[in-house]
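The values are calculated or read from the model by the stated rules, or taken from the named source; none is laboratory data. All figures in this text were calculated on a predicted structure; none of them were measured in a lab. Heads up, the Cβs are rebuilt from the backbone with ideal geometry, glycines too, and the neighbour counts pull from every protein chain shown. When the accessible area is computed, the model is the full protein with side chains, heavy atoms only, and any ligands, DNA or RNA have been set aside. Shrake-Rupley method; radii C 1.70, N 1.55, O 1.52, S 1.80 Å.
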Amino acid sequence: MSLDAVLAGLDADPGEHGPGRWLGQLVTSGLGRLPLPGHGRTLSRWRALASVAAFDLGLVKLYEGHTDALAILAELGADAPPKGSTWGVWASEPPQARLQLTERPDGGVTLSGRKMWCSGAASVSHALVTAWDEAGRQCLVAVALERPGVRVTHEGWNAVGMASSASVDVLFDNVPVTRVGAPGGYVKRPGFWQGGAGIAACWYGAAMAVGEALRGHCLRREEPHARAHLGAVDTALVCARAALREAAVWIDAHPRDDAELVARRARAGVEAAVEEVLHHAGRALGAGPYCRDARMARRLADLPVFVRQSHAERDLDAQAGQVVVQGEGLWTL
């Protein structure tokens with residue numbers, strides 16, 4: 001069954017555990033795996049993420065994490081995940097919530113500490129998490145969340161937008177885990193920035209859905225001001241789509257190269273488009289979608305939170321640093 005068909009069959013109201021339940025349905029339907037980035041079908045991967053994001057951002061937060069985890073496991077040569085398992089990637093590294101790895105006498109490792117920003121923690125079966133070993137090196141480990149010593153809290157997530165992603169704190173107490181790749185391998189692999197660009201496809205899918213709502217409004221009513229807003233939304237979305245397509249082509253042509261500048265450009269372009277779309281759609285549509293359309297209201301609350309995976313001026317500064325050292329000719333038509 002196609003992704004669009006499965007999405008069309010999902011119930012419209014997520015409820016408290018909807019995104020996790022929906023993720024399970026996608027995995028059960030054989031849609032838990034997407035084409036790997038950098039293997040010739042990166043744009044197909046991103047189109048799937050955009051389609052899920054257009055359906056629901058809480059779901060795509062979990063779905064993107066699951067599909068990213070499978071790509072990471074493949075890229076780092078790890079064992080295949082258990083059949084039917086669902087995965088998160090929890091790699092946020094605030095200094096007050098870093099996990100610690102401890103070597104056991106038998107050669108295994110255990111995980112202890114608090115991890116913040118754990119999306120879907122109450123729903124997924126497994127997670128890839130970053131932690132620090134006794135030599136002070138960042139490592140990536142896989143953990144089965146039903147193991148003793150794992151405690152999913154209700155702490156750390158007071159969001160209104162993206163509330164359904166339930167990105168709570170999780171506590172680990174000497175939990176046996178499996179190393180994935182070498183120390184430092186998570187951020188050094190080519191797929192790190194390839195995956196980072198894929199996040200922008202999620203932003204784009206939600207913005208596209210907002211644009212479609214405005215287009216439908218303009219089909220039903222002759223409102224010159226609304227049509228002017230639609231023109232601005234169309235311009236923003238077409239530019240963002242071009243940025244994503246260009247990035248996907250580059251990644252597939254250079255699968256082992258550093259994609260940081262390509263990813264940062266795509267993310268910045270799509271973020272700017274999201275801001276344009278939200279601005280113009282709000283002015284054109286008025287209060288109705290925010291107050292009387294449950295799905296649209298959820299999307300309009302979720303998207304500004306989700307797009308804050310961008311770090312705004314900090315990301316633009318890092319992008320500029322790459323541009324400075326790249327030399328002339330970067331913008332030649």
Original post:
On full extension of the chain, what length is gained from residue 315 through residue 331, given 0.36 nm per residue of separation minus the C-alpha to C-alpha distance?
Top reply: 3.8 nm
Subject >> Choice from 292, 98, 47 with maximal GNM fluctuation in the chain (Cα, 10 Å cutoff) >> reply: 292
Original post:
What net charge do the residues around residue 175 carry, taking every other residue with its C-beta under 13 Å from that of residue 175, with Lys and Arg at +1 and Asp and Glu at -1?
Top reply: +3
Original post:
In the neighborhood of residue 96, defined by Cβ-to-Cβ distances under 15 Å, what is the net charge if each Lys or Arg adds +1 and each Asp or Glu adds -1?
Top reply: 0
Original post:
Roughly how many percent of the accessible protein surface of segment 144-246 is carbon and sulfur, given a 1.4 Å probe and a whole-percent answer?
Top reply: 54 percent
Original post:
For residue 33 and residue 238, FRET efficiency with R0 = 30 Å and r from the beta-carbon atoms, rounded to 0.05?
Top reply: 0.50
Original post:
Looking at segment 145-225, which GluC sites (Glu not before Pro) are in a loop (DSSP not H, G, I, E or B) and have at most 11 other Cβ atoms within 10 Å?
Top reply: 146, 222
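Roughly speaking, what % of Cα-Cα pairs in segment 202-315 are separated by over 24 Å, rounded to a whole number?
30 percent
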Original post:
To the nearest 0.05, what FRET efficiency results for residue 178 and residue 294 with a Förster distance of 30 Å applied to their C-beta separation?
Top reply: 0.15
**OP:** Could you check which residue among 29, 167, 119 shows the biggest mean-square fluctuation in a GNM of the chain with a 10 Å Cα cutoff?
**Re:** 29
**OP:** Tell me which label goes with the value of Rg/Rh (Cα atoms, Kirkwood Rh) computed from the coordinates here: (1) 0.96; (2) 1.07; (3) 0.98.
**Re:** (3)
Original post:
When the convex hull of the C-alpha atoms of segment 160-213 is computed, what volume per residue in Å³ does it have?
Top reply: 127 Å³
Subject >> Contour minus Cα-Cα distance for residue 187 and residue 323 (0.36 nm per residue) >> reply: 46.9 nm
Subject >> Charge dipole (segment 1-127, unit charges on Cβ, about Cα centre) - positive-most of 84, 57, 99 >> reply: 99
Subject >> Dipole magnitude of the chain, debye to nearest 20 (Cβ charges: Lys/Arg +1, Asp/Glu -1, about Cα centre) >> reply: 420 debye
**OP:** Kindly report the accessible area of the chain per residue (heavy atoms of protein chains, probe 1.4 Å, no ligands, DNA or RNA), in Å².
**Re:** 48 Å²
Subject >> FRET E, pair residue 228, residue 153, Förster distance 56 Å, beta-carbon r, rounded to 0.05 >> reply: 0.70
